[in-house]
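Comments concern the structure below.
All of the numbers you see were taken from the coordinates with simple rules; none came from a lab. Everything numeric in this text was worked out from a predicted model, so none of it was measured. For neighbour counting, all protein chains shown are included, and Cβ atoms are generated from backbone atoms with ideal geometry for every residue, glycine included.
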Amino acid sequence: MANHDLRKPGDTFYAPKRPLRSPLRRVLSTSGLFSSGYGDVGSSIYYGLGLIALVALGATPIVLGIAGIIYVFNALSYAEGGAMLPEAGGSASFARHGFNNLIGFIAGWALMLSYIVTMAISAYTIPPYLAYFWPVLKEPLPGTALSMGIIFFLMVMNVIGIKESSRMNILFIVIDILTQLTMIALGIFLILLPNPGVLIEHMFGAGNWPSTNDFIYGIAIAALCFTGVETVSQLGEETRKPEKRIPRAYIMMIVAVLVLFAGISIVALSAMTPQMLGDPVNGWARDPVAGIADGIFNAISPQDIASGITTERGPQILLMALLTSFRSLLPVLVSLLAASILLTATNAGLMGISRLTYNLSSHDQLPSAFKRVHHKFRTPYIAIILFCCISIILLVPGLFAPSFFSDLGALYVFGSLLCFALAHASILGLRIRKPDMPRPFKLKLNIRIRGKDLPLTAILGLAATLTIWIIILITQPFSRWAGFAWMGIGLIIYFTYRFLKRKLNVETPPDDNNISSR
C-alpha cells in the first residue's frame, strides 16, 4: 500500500496500458502550455472574425459570446481529461479509454480533419496581412500560391526536424496580447466613445441582422475561434506535472480568450459595417484585424490632433500626440504580428498531426507506416508529407474563387464539433465506467444519476456541440458530404488495417525509435 500511495496520479490506470516509455520529454510549464494553446486560439481571431461576420453579420459579437460559453464547457472537459490522461491523443485518447478503439479512432480522424483545415485556413490568411507591403497578395492567384508555398516550406522544415523555441513562442504571444489590448483600448476611446450609436447601427440596423439559420450557423463557425483546447491536451506527455499544469493553462486561456474576443469583436463592428468585415473580395474577411487597425489609423488624423490642442481638451492632448507617432506604426505591427502568429498556428496544426498520427498508430488504430520515422531526421515524415499535401489540395479552389473561404470554415466545423462532442461524451463515459479512476482535476456541479456523478458542464457541452453539429449537417451540403467522405475514407483504412492484422495474426513490433517533433 505504501508503494501504491507514492504513485503519481494516473499511474494506476495509465502506466499499465503503455508498454513502452513515451519518446517525448516532459519539459513544458504552465506558461509553455498556455502559449501553445493560445497560439491556436489567438491566431484564429485574425481570420475567424471575418468568417463569422460573413455569416452572422451584425450578430457577430453575440454569436462569439454564445460560442465562448460553449468553449468554457469544452475547456473544462478537456481540463479533467487532460489531467487524467496526459498523453498525446487529446479527444482520441479520451474516447479510447471512455469507450473503445473504434470510437477513439473516429474522434482522432475527425480531429485530423480539423488540423488539416486549420493549416489551410491559417496559411490562406497570411498573404492578405502581408498585402500591406505587397498589395498583389490580395489577388487570388498569387495569394493562394504563397499560402501553398508556406505549407510546403513548413512540411520540409518539419521533416528535417527544425527545433522551435518555446521562449520565442511565449514572446510572440505576449506581444500579441498587448497589441490586441491596445487596439481594444484605442478602438473604444477613438471610435466607440465618440459615436456609441455606430455599434448599435452596425449590429441591429437594416440589413445587418442575420436570418435564424445564419445566426445558428454563425455560432458553429465561431468554433473556429476556439481551437486551442486540443492543442494543450496534445502536449500532455511533454508537460511537467500535467495533473496540475494542464487545468491551470485551460483556466488562463478561458479568461484571456473571453476578454480579448469580446473586446475585438465589439471594436471591429464599431470600426466598420458587418458587410465590410465579412466581404472576402473587397472587404476585410481574410484580414479583419487589419481592418480594425485601418479604422483606428483613420481615427487618428492630424485634424483631430489640431482640434484637441486648439480646444484644450486636457489630458487628451498628450495622448493624441503619442497616437500621432503610433499612427503609422500600427498597420505595420498588425501585419507582421498577424503573419507571425498565423505562421505559428499553421505549424502548430502540423505538429498536432504528427503527434496524433503517432498516438493512433501506437494503439493499432492506424497502420504503423503513419508513425514511421525518417532514418536520418528521426521525424514521422510519411504523416507529415501526406497531410500537408491534403492541406495544399484544399487550397486549390482559392486560386480562382475567394468565396470558398466559407466552405473551409464549414469543413473545419464538421471535424471540430464532432471532436468536442465525443470529448464530452468520453468524460461522461469515464465517470460511468471508471468512477474510481484518479482525477487530479475533477469538475464540480455534478448531477447524480444512478449513483454516478456526472458533470453538468459536460452534459451541456455535449448537448450544445452535438446539436450544432447536426444543424450543420442539415444546412451545409459541402461540409456534410466532404466531412462524411473524409470519415468514410478513415473508416475504410481502419477496418481494412484491423482485418488484415487479425488475418495475418501479426503482432505490432515494438517501436524504439525516438521521434523529434521538430
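Okay, here's what the table says:
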| quantity | calculated |
| --- | --- |
| Under-5 Å amide H pairs with Leu454, H placed in peptide plane, nonlocal only | Ile447, Arg448, Ile449 |
| Theoretical FRET efficiency, 1/(1+(r/R0)^6), r = Cβ-Cβ of Leu333 and Gln275, R0 25 Å, to 0.05 | 0.40 |
| In nm, spacing of pseudo-spin labels at Asp436 and Leu141 (7 Å Cα→C-beta vector) | 6.9 nm |
| Residues of the range 105-128 with amide N under 15 Å of a point placed 7 Å along Cα→Cβ from Ala401 | none |
| Backbone HN-Hα couplings from phi across the range 32-38 [Karplus 6.51/-1.76/1.60, Hz, Gly and Pro as x] | x, 5, 4, 5, 5, x, 5 |
| Spacing of the two label points (7 Å from each Cα toward its C-beta) at Leu258 and Arg448, in nm | 2.9 nm |
